[in-house]
Every structure is written in structure tokens, then in C-alpha cells.
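Reading through the C-alpha cells given below for one structure.
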């Protein structure tokens with residue numbers, strides 16, 4: 001630098017470092033309020049202060065690393081790597097592979113072990129579409145899936161064995177009444193149809209209650225049971241799609257939000273609100289009164305048109321997919337991109353709290369060529385959310 005001495009450059013460097021350190025310090029309690037679901041106000045941007053990720057938290061070479069390991073090459077079909085799910089109660093990530101059932105890893109995806117190998121277990125060959133965990137019992141969860149075999153299965157022994165739940169088939173999502181200790185009431189839509197099914201005996205039998213729904217609602221993508229009488233249903237793909245609400249156990253329904261949704265809803269622990277992604281990247285909606293009314297949190301342009309799920313990080317931030325992984329510290333109002341560039345457009349994203357890592361997955365659909373699980377079908381990026 002012409003005209004600047006070596007000592008002058010050193011002083012300037014020290015001043016710059018000091019400004020960065022001080023600038024990214026959180027404001028004192030006397031000047032800003034700190035909440036449990038996001039960072040305190042500070043004099044620098046969210047991205048600079050909280051997302052300057054050390055190399056130790058950035059995966060190999062600061063990027064996404066393959067985590068498919070021994071699942072790579074597994075014979076499958078269209079929709080091969082169809083699901084990833086992170087157990088919120090224990091260090092376990094579950095992968096669902098079409099025709100090959102469920103697999104779990106408790107070592108950060110270094111190895112995957114097949115579930116359902118216990119004596120007498122039902123064999124899962126569907127394309128796994130969702131997993132619902134019992135918050136009161138780490139050994140119990142419910143799986144749903146489409147094509148090939150049964151649409152819903154339950155395990156009560158941590159995945160050693162599974163029981164097929166009645167004659168339900170082709171299910172995108174099974175919702176369980178977690179307000180009932182007996183877990184008797186379940187709801188399920190049917191893949192690419194407007195059918196809705198209810199069980200009041202824990203899944204042993206199912207009744208088609210589609211006749212109670214308004215006409216032209218589209219695909220019954222995602223039901224949500226809030227209590228034995230209070231149901232929500234998100235639909236898509238038709239002009240009459242939207243969010244529907246029943247206060248009488250599914251006997252009658254009213255549309256409480258017009259417009260198709262994407263994926264299943266999120267009930268956030270940080271504020272108790274229900275969040276739902278809109279179809280085709282049209283934004284995010286939110287309800288604070290158990291689905292009676294909805295407000296738009298953010299419109300089109302931020303969330304990816306292919307984003308299919310919204311997740312909550314341990315500190316209450318929301319995360320989903322945009323042009324990159326994006327997170328929000330203010331309940332979805334504003335978003336910041338974090339981490340290295342995505343290696344592909346993922347089918348979905350999860351966060352494993354015990355591993356402090358994001359995982360993405362990708363399925364492909366090749367009807368004429370190789371449909372085995374690809375080597376990069378699961379990828380991981382380590383990320384510690386600020387406390």
C-alpha cells in the first residue's frame with residue numbers, strides 16, 4: 001500500500017479486528033431485550049455475528065459431505081431415498097428407502113442399520129413419507145408411506161419390530177392425537193387424492209370420512225390432530241385447496257385459509273404457533289389460535305419453490321430451503337442464508353440436534369435406468385445454532 005508504513009498497516013489491522021469483535025458483541029441488557037428464541041439485538045447483521053462458522057463446524061473443507069455410506073448402491077426404485085428424519089429425543093437419524101424400509105444411524109451417519117429385523121416384524125416396502133415421534137416414549141413412532149405395501153406402521157420397541165396399521169395404503173402423512181395418552185385417534189390423507197381416513201382405535205381400522213369434506217379441495221396432503229375433536233387439514237393442487245378446520249372430529253369442515261400448502265405443519269416449541277409452508281414457494285403462514293385464523297408471515301421470493309418442510313432448531317430459530325439453507329431468528333419474518341452452497345436441490349432438510357448438523361437428501365426417479373441409492377443421496381453439514 002503506497003504511502004503507508006509497515007507499523008501503520010499493523011495498527012490499522014489491530015483497529016479493524018477490534019471493531020469486528022466489539023461490533024459483533026451483543027448489546028447490553030440495558031439497551032436491548034434478549035429472548036430465548038433468537039439472538040439479542042446487536043450492532044452488526046445477523047449473518048456476520050452469528051453465522052461466521054469456524055472450520056470445525058463446517059464439515060470437511062467447510063462444505064457438505066456425503067453421509068450415505070453403506071446405503072449407497074442399495075437396490076430401490078423411483079423415489080429411492082425418500083425420507084430422512086431426526087429423532088428429537090435421542091441421537092438417531094432415520095432414513096427411509098423405497099422397497100428397503102427404514103434404517104437408523106446413531107453415529108452421525110458413519111453407519112446405517114436396518115430397522116424392523118426383530119422376530120414377527122412386519123416388512124416395510126413402501127416409499128417412506130413421514131415419521132411421527134411419540135414425545136412421551138422414545139421407543140414409539142409411526143411411519144407412513146406410499147406405494148408397494150401398507151400405508152402406516154407403528155413401533156413400540158425403538159424400531160426392532162413394526163406393526164402394520166390396518167388396511168390403510170398410499171399415505172403421505174399420518175397424524176396422531178398426542179393429547180390422548182392412549183393415542184387412539186389417527187388421521188391420514190391419501191397420496192394424490194382427496195380421500196381422508198380416520199381411525200379411533202389406534203390404527204386397527206380406518207373409516208373413509210371424505211364425504212364430510214367440501215368438494216374440489218385437492219390432494220389431502222397433510223392432516224393435523226390437535227385434539228380428539230379439533231382437526232386441521234392442508235390440501236394442494238386445486239383452486240379450492242387450502243387449510244381446512246374441523247371442531248367436531250371431522251363431521252364438518254370449514255376453509256380457514258385459501259391456497260395450497262406444502263408438506264406437513266410445524267407446531268413451534270418456541271412460541272406455540274402453527275406454521276405452514278405454502279405451495280410453489282409462495283411463502284409461509286402462521287396461526288396463533290389453533291388454526292382458526294391465519295396470517296401471512298412472508299410472501300413469495302425467499303423460500304424455494306421445492307421446499308417441502310419447515311424445521312425448528314433447538315434455540316427456536318426456523319429453518320428451511322431457499323437458494324441455500326435459510327434460517328430465521330424472528331419467527332419467519334426475515335431470513336438469512338447460511339453455510340456452503342447446496343450441492344443440489346434437495347428433496348428435504350432436517351436438523352439432528354444431538355449431532356449439531358443439517359442433513360439433506362435427494363431422491364431421483366429413473367424408470368428406465370439405475371434406481372439404486374446414489375452415493376450423494378444423503379449429505380451433512382455441521383452447524384451449531386447460537387444458544
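Every read-out reported here was derived from the displayed coordinates using simple, explicitly stated rules and does not represent laboratory data. A quick note: this is a predicted structure, and the numbers were derived from the prediction, not measured. Neighbour counts run over all protein chains shown; Cβ positions are idealised from the backbone, glycine included.
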Simple spin-label model, 7 Å along Cα-to-Cβ: residue 306 to residue 375 in nm? 2.1 nm
Given 320-333, 113-126, 183-196, the highest-first ranking by average Cβ count within 10 Å works out to 183-196, 320-333, 113-126
What is the calculated FRET efficiency for residue 211 to residue 117, with r their C-beta to C-beta distance and R₀ = 35 Å, to the nearest 0.05? 0.30
Using the Kirkwood radius over C-alpha pairs as Rh, can you work out the diffusion coefficient of the stretch 64-382 via Stokes-Einstein at 37 °C, viscosity 0.692 mPa s, in µm² per second? 167 µm²/s
Based on C-alpha coordinates, I'd like the Rg and Dmax of the stretch 137-222, in Å. 12.9, 42
Along the Cα→Cβ direction, 7 angstrom out, place labels at residue 269 and residue 179. What is the inter-label distance in nm? 2.1 nm
Suppose we keep just the alpha-carbon trace of the stretch 225-315; what are its Rg and Dmax in angstrom? 12.8, 38
The relative contact order of the stretch 171-328, taking Cα pairs under 8 Å that sit 6 or more residues apart, comes to a percentage of 13 percent
Run the simple label-point estimate for residue 137 and residue 315 please: 7 Å along Cα→C-beta, distance reported in nm. 3.5 nm
Extension gain from residue 228 to residue 69, taking 0.36 nm per residue of separation minus the Cα-Cα distance: 53.0 nm
Per the rule of 0.36 nm per residue minus the C-alpha distance, extending residue 334 to residue 290 adds in nm 13.5 nm
For residue 256, put the label point 7 Å out on the Cα→Cβ axis and report which residues of the stretch 290-319 keep their amide N under 15 Å from it. 290-296
Mind jotting down a quarter of the surface of the convex hull over the alpha carbons of the stretch 94-237, in square nanometres, one decimal? 8.8 nm²
